[in-house]
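Note sheet for the following structure.
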Amino acid sequence: MLRLGRHEFGDDEALMMAIVNRTPDSFFDKGATWAEDAAFERVRLVASQGAEIVDIGGIKAAPGAEIDAAEEKSRVVDFVARVREEFPTLVISVDTWRAEVGDAVCAAGADLINDAWGGADPELVDVAAAHGAAIVCTHTGGVTPRTRPYRIEYDDVVRSAVDDTVAYAQRALDAGVAKESIVIDPAHDFGKNTFHSLEITRRLGEMVATGWPVLVSLSNKDFVGETLDLPVGERLLGTLAATSVCAMAGARIYRVHQVTETRQTVDMVWTIAGRRRPARAIRGLQ
Amino acid sequence: MTRVALVPGCLALLPEYASIDDPVDELRSACLAAVAWLGEDVRVIAGAQGARVAAALLAEVGTAPVTSREAAYLIVGNGSARRSEKAPGHLDPRAAEFDDLLGKALTTPDPEALGALDQDLAAELWADVRAIVEAAGLLRDVETVAVDYDDDPYGVRYWVARWAVPSA
């Protein structure tokens, strides 16, 4: 069983986490949902497309203008409350590394803290525990939040990802976060070059084998773009191919821009893997 | 022997071929009700695939086929699979007439007509009637209790029917 705040899911379910940016400068949508109403429309859309989770972020991952905690909170806290009010069945995740922001959004109704920066703020696990929220434990190779990887190498990137995320998960457990509310994420492209992200994808089964539910965030990222030599905006097919590989390995949560396309891809692979029934099969069985 | 039922050998009824959205939900309901109505000690008359369907249906209602006692019979068979252009065996214009005769003989019931079915034609029409012909004699002293299903949703003609010896 997977428990994300107020919501529970079976171990055979694959979940769509739709990205909702309350930022003026994120790489994919370039501020399309910066305005609160536009972001809310995005929540409506992805909910109608069947996303189980929305991941609301107030700061883009890449380097840029300094956004302090007060500004980050002003972008996400009231928005979380509004989404909580209108979509009681939706899991609300907030993409933040700051404990102060995590505390405020959980008070406003968030179910899940998606710490994309690998536990940079040690008090984040305490916040999750205090609110009964779930947490995503990512691997970044120890980089500072909002920095790009530069000449980072690993003896074994998958070993590093497994060791660091499992250690982070243990830290969350020790802080009092429920066992069924801890998710690990190898964090493609975070502290990794394209070769690292490809290897993480190829060997994702080793992360799944830890027993912790695995989240993958592949959507339109640079490792897809560099692999296919395609700009942002033309990376959907490459994203879906990587998604298929991760789904076959058993990744449970998919952080995505394109919900419908990813859902179909994961449903198809999940069914090939024997974890889901066909929707409606009669051919040759009449 | 007091009770006899017929179900089709539709493989979509098997649990290993289950879908999220059951394409044969009405057929399945009718089959399960008929099989439950047979009670325990059910002897199955079917080919190898049909026997699997029968065993799955019996298991679903909490029983299993028997070979010794013969309290009730479950026959597995169906009409033509060549009833339309989209049918498994494509359209054979003879299928409709064949199925009409078969359907009438089943629902009446008319054991002589069932025993005399043209099995060569049945084979050409992809109709699974071997068990029906074999069991025709069972329908000699019974009357039809109900025809619970009579349709061809996917180009194959199915019947779910129940018969019983009239109470004195």
Rounded to 5, the percent of DSSP beta bridges in chain A classed as antiparallel: 10
Heavy-atom surface of the stretch A:36-110, accessible at 1.4 Å and reported per residue (Å²): 39
Inter-part distance where the stretch A:52-128 and the stretch B:79-113 are each reduced to a Cα centre, Å: 64
Qualifying chymotrypsin sites (Phe, Trp or Tyr not before Pro) for the stretch A:149-221 [loop in DSSP, other Cβ within 10 Å: at most 13]: A:Y150
Value of [θ]222 nm, deg cm²/dmol, for chain B, DSSP H segments ≥ 4, -39500 (n - 2.57) each, nearest 500: -9500 deg cm²/dmol
Translational diffusion coefficient (Stokes-Einstein; Kirkwood radius from C-alpha pairs) of the stretch B:3-164 at 20 °C, 1.002 mPa s, in µm²/s: 138
Computed over the stretch A:1-154: relative contact order in percent, which uses C-alpha pairs under 8 Å that are six or more apart: 21
Using a Förster distance of 60 Å, the FRET efficiency for B:S167-A:M268 (Cβ separation, nearest 0.05): 0.65
Trypsin sites (Lys or Arg not before Pro) restricted to the stretch B:1-99 and DSSP loop, no more than 15 other C-beta within 10 Å: B:R69, B:K86, B:R94
Shielded by partner chains, the stretch B:134-168 residues - at least 50 Å² of accessible area, 1.4 Å probe, vs chain alone: B:Y154
Protein heavy-atom accessible area occluded, B/A pair - total, 1.4 Å probe, Å²: 1100
Gyration tensor over alpha-carbon atoms, the stretch A:10-147, equivalent ellipsoid semi-axes in Å: 21, 18, 15
Three-way shape label, the stretch A:64-118, alpha-carbon gyration tensor, a/c 1.5: prolate
Per residue value of the accessible surface for the stretch B:1-149 (all protein chains in place, 1.4 Å probe), Å²: 48
Average Cα contact separation per residue, chain A, under 8 Å, 6 or more apart, as relative contact order %: 17
Student exercise, the stretch A:2-272 dipole from Lys, Arg, Asp, Glu Cβ charges, in Debye to nearest 20: 300
Convex hull volume per residue in cubic angstrom - Cα atoms of the stretch A:85-243: 122
Tensor-based shape of the stretch A:2-272 (alpha-carbon gyration tensor, a/c under 1.5 rounded, otherwise prolate or oblate): rounded
The stretch B:1-70 - percent of accessible surface contributed by carbon and sulfur, probe 1.4 Å: 49
For the protein assembly as shown, convex hull of alpha carbons as volume per residue, Å³: 189
The stretch A:180-228 and the stretch A:234-286: distance between their alpha carbon centers, rounded to Å: 17
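The values are calculated or read from the model by the stated rules, or taken from the named source; none is laboratory data. The structure presented is a predicted model; accordingly, all values stated were derived computationally and were not measured. Here Cβ is always computed from backbone atoms with ideal geometry, including for glycine, and neighbour counts include all displayed protein chains. Protein only, heavy atoms only, side chains kept; ligands, DNA and RNA dropped before computing areas. Shrake-Rupley method; radii C 1.70, N 1.55, O 1.52, S 1.80 Å.
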